[in-house]
Amino acid sequence: MTDQLSEIAANLAQVRRRIEKAAAAAGRQAPEVTLTAVTKQQPPAAVDAALAAGQRVFGENRVQEAQERWEGRRAAVPDLELRLIGPLQSNKTADALALFDVIETVDRPKLAKAIAEAVARGARAPKVFIQVNTGEEPQKAGVSPAEADGFIAFCREGCELKVHGLMCIPPADEEPAMHFALLARIAARNRLAQLSMGMSGDYETAIRFGATHVRVGSALFGARQHHVAS
Ligand SMILES: *Cc1c(COP(=O)(O)O)cnc(C)c1O
């Protein structure tokens, strides 16, 4: 237990150092890059170790699992930021908005409308990121690059959502850099300042291409407890 605590603290310190170095190498300031610690499928002790080490921004990919993990912890950590980085079914929108500060995976009109309607009914307005399927993989969520501009406009004007940025998960078997560059281009032409891109294996590359949020799981916490397909 104590070992795990100090190991996670050491991993966090190392990832933060590497973020600083990558930012400096790209001529950027380290505070421009936020580390999102991805706690999906990690045991409670790992989550508590990260909190004890001062980590405050966390990513989860399933609403129900996140509720189980965070509902009891939220009240004790007022400056916590929870980010949904996995697919959201529109019928789970109310639950998601009750828990998450940021929804990174808005990718279709039905979901954007469901969020707007929940907010109109009094739900807390989330920060919205649009997920872009930069690799146009049929099994992967996200709006296609060609439809991104139109969908961003729909979210902003049709739904009055506050769109903060874009998110992508590059194909596992391709060089991620071109996907990061594509996401950055789509963000720039839509005047979006934030980019959630880069995971344990490629967050330094993502920072080079302008990532403002890197989503790191296994490099902090080790292997997850169950295998998941995506
Ligand atoms: C699991 C997950 C991550 C973290 O992946 P690691 O390779 O463990 O860092 C990042 N982003 C998303 C969307 C994920 O589902």
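Quick notes on this one:
- Qualifying residue in the range 64-81 (condition: under 20 Å from residue 206 (Cβ atoms) and within 15 Å of the ligand (Cβ to nearest atom)): no
- In the range 185-214, the residues that are over 16 Å from residue 30 (Cα atoms) reach residues that are open to solvent by 30 Å² or more (accessible area, probe 1.4 Å) and of a type in the set (Gly, Ala, Ser) with C-beta atoms within less than 9 angstrom, at least six apart or across chains, in these pairs: 187/193; 190/153; 199/218; 199/219; 200/218; 200/219; 201/218; 201/219.
- Selection count where residues are near the ligand (Cβ under 8 Å from one of its atoms) and open to solvent by less than 20 Å² (accessible area, probe 1.4 Å), scope the range 204-220: 4
- The listed residue being more than 16 Å from the ligand (Cβ to nearest atom), more than 18 Å from the chain's Cα centre (by Cα) and of a type in the set (A, V, I, L, M), out of 112, 98, 116, 125: 116
- Of the residues making up the range 151-177, those that are farther than 15 Å from residue 104 by Cα, touching a residue at least 24 places away in the same chain (Cβ under 8 Å) and open to solvent by 40 Å² or more (accessible area, probe 1.4 Å) are 154, 158, 160, 174.
- Hits in the range 121-139 - residues which are crowded, with 18+ Cβ neighbours inside 10 Å and assigned to a loop (DSSP other than H, G, I, E, B): 126, 133, 134, 135
The values are calculated or read from the model by the stated rules, or taken from the named source; none is laboratory data. Just so we're clear, the structure is a prediction, and the values are computed from it rather than from any experiment. Positions of Cβ are generated from backbone atoms using ideal geometry, with glycine treated the same way; all protein chains shown enter the neighbour counts. Ligands, DNA and RNA are stripped out before the accessible areas are found, and what is left, the full protein with its side chains, is counted by its heavy atoms. Shrake-Rupley method; radii C 1.70, N 1.55, O 1.52, S 1.80 Å.
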